[in-house]
Amino acid sequence: MSTRPYRSVLYIPGSKERALEKARSLSADAIIFDLEDAVAPDAKIEARATLKDELDKGGYGNRAKIVRINGFDTAWGKDDVAAFVGADIDAVLMPKVDSAAQLDELAALIPDVDLWAMMETPLGMLNAAEIAAHPRLKGFVMGTNDLAKELNTRFRADRLPMMGGLHMCLLAAKAHGVVIIDGVYNAFKDNEGLKAECEQGRDMGMDGKTLIHPAQLDIANTAFAPSKDEIDLAQRQIAAFEKAKASGLGVAVVDGKIVENLHVVTAKGILAKADAITKMAG
Ligand SMILES: CC(C)(COP(=O)(O)OP(=O)(O)OC[C@H]1O[C@@H](n2cnc3c(N)ncnc32)[C@H](O)[C@@H]1OP(=O)(O)O)[C@@H](O)C(=O)NCCC(=O)NCCSC(=O)C[C@H](O)C(=O)O
Ligand SMILES: [Mg+2]
């Protein structure tokens, strides 16, 4: 599993030069440079060239750089991949992945970068386990807009209609040790709604949230970072368990709750995440 933080993963349309420039100073853990749905068909080829130029210029620091290409069933998909062979990017994100075979096709065209998959179709949900098991696959991004469209579900604050799909992808991601990022929150001026959805995704086990506007960054960064109380508890659990172990015991008690080796593993994960976030901030 990656120790790199992915609390906030910001989409930026490859066609928007101003936003591409602005992203160099934003507090996103990762950026998805989008050539797919955020770019109009007439602007696709120019967006690809603009994005290539901006990535060549650099300046995105230690944010993960992920390029979302168009699907291979479009006129642009394979040329998108060709344009970024050898570029300074961390991953290529394929939209609407239905099967591991589609990742084989992508893998054959671009060496040396991680592959990520948009999980946003009914077939993708059903095949999540084989997709997560692909040897080059390192991350899932939930495409909850496309999923809602395909399932003909309504948007609800509790996201009940799409929970089945989200959970299938979570199980597959965790089983194969790949990162999983939650879908976007479309109402980008509704901070309370975004906070609630970030906390829901975090509690389910998502590693972070995809975002569409810079104003959403702080909310996601806070929700997906360990809180001071969580860090304090993790430190006390580790210390209490070490003390118990030294006395020949396998169980400690902290705040009236048992602490066993498995809780210590979780506690160490929390501290490692907090450390990675501190390092990311530089
Ligand atoms: C949603 C927007 C269209 C709003 O744009 P706009 O009205 O221009 O916003 P602001 O005027 O408030 O912008 C303020 C400044 O912030 C910069 N900006 C805006 N958005 C971004 C961004 N995403 N990244 C970086 N910088 C951004 C503006 O340039 C302004 O800067 P300045 O000039 O210095 O003041 C717009 O935010 C937008 O286009 N967002 C991205 C939309 C997108 O990427 N959609 C596709 C992904 S969603 C999806 O497809 C998920 C999935 O596939 C699914 O199925 O669910
Ligand atoms: Mg989509």
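Using mean Cβ contacts within 10 Å as the protection proxy, how do 148-159, 3-14, 90-101, 19-30 order, highest first?
Details: 148-159: 12.7, 3-14: 23.2, 90-101: 20.8, 19-30: 17.9.
Averaged packing, sorted descending, gives the order 3-14, 90-101, 19-30, 148-159.
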Given the chain reduced to its alpha-carbon atoms as identical point scatterers, what log10 I(q)/I(0) does the Debye formula return at q = 0.10 Å⁻¹?
-0.55
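Find the Cα radius of gyration of the stretch 228-281, compare it with 2.2 N^0.38 Å by division, and give the number to two decimals. Don't jump to the answer; show the numbers that get you there.
On the way: Rg = 11.9 Å, N = 54, 2.2 N^0.38 = 10.0 Å.
Output field value: 1.19.
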Quick one: length gained pulling Lys149 to Glu105 fully straight, 0.36 nm per residue minus the C-alpha distance?
13.2 nm
Which of the lysines could a cross-linker bridge to Lys78, judged by Cα under 26 Å and excluding same-chain residues fewer than eight apart?
Lys16, Lys44, Lys52, Lys57, Lys65, Lys96, Lys138, Lys149
Could you work out [θ]222 nm for the chain from helices alone, using -39500 (n - 2.57) per DSSP H run of at least four and dividing by all its residues? Round to the nearest 500 deg cm²/dmol.
-14000 deg cm²/dmol
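Can you tally the net charge around Leu93? Count Lys and Arg as +1, Asp and Glu as -1, for every other residue whose Cβ sits under 14 Å from the Cβ of Leu93.
Numbers: positive: Lys65, Arg68, Lys96, Arg136, Lys138; negative: Asp34, Glu36, Asp37, Asp80, Asp90, Asp114, Glu120, Asp146.
Taking every other residue near Leu93 into account, the sum is -3.
No value in this document is a laboratory result; all are computed from the given coordinates. Being a predicted model, the structure only gives us computed values, none of them experimental. Counting neighbours? That spans all protein chains shown, and the Cβs are built from the backbone with ideal geometry, glycine included.
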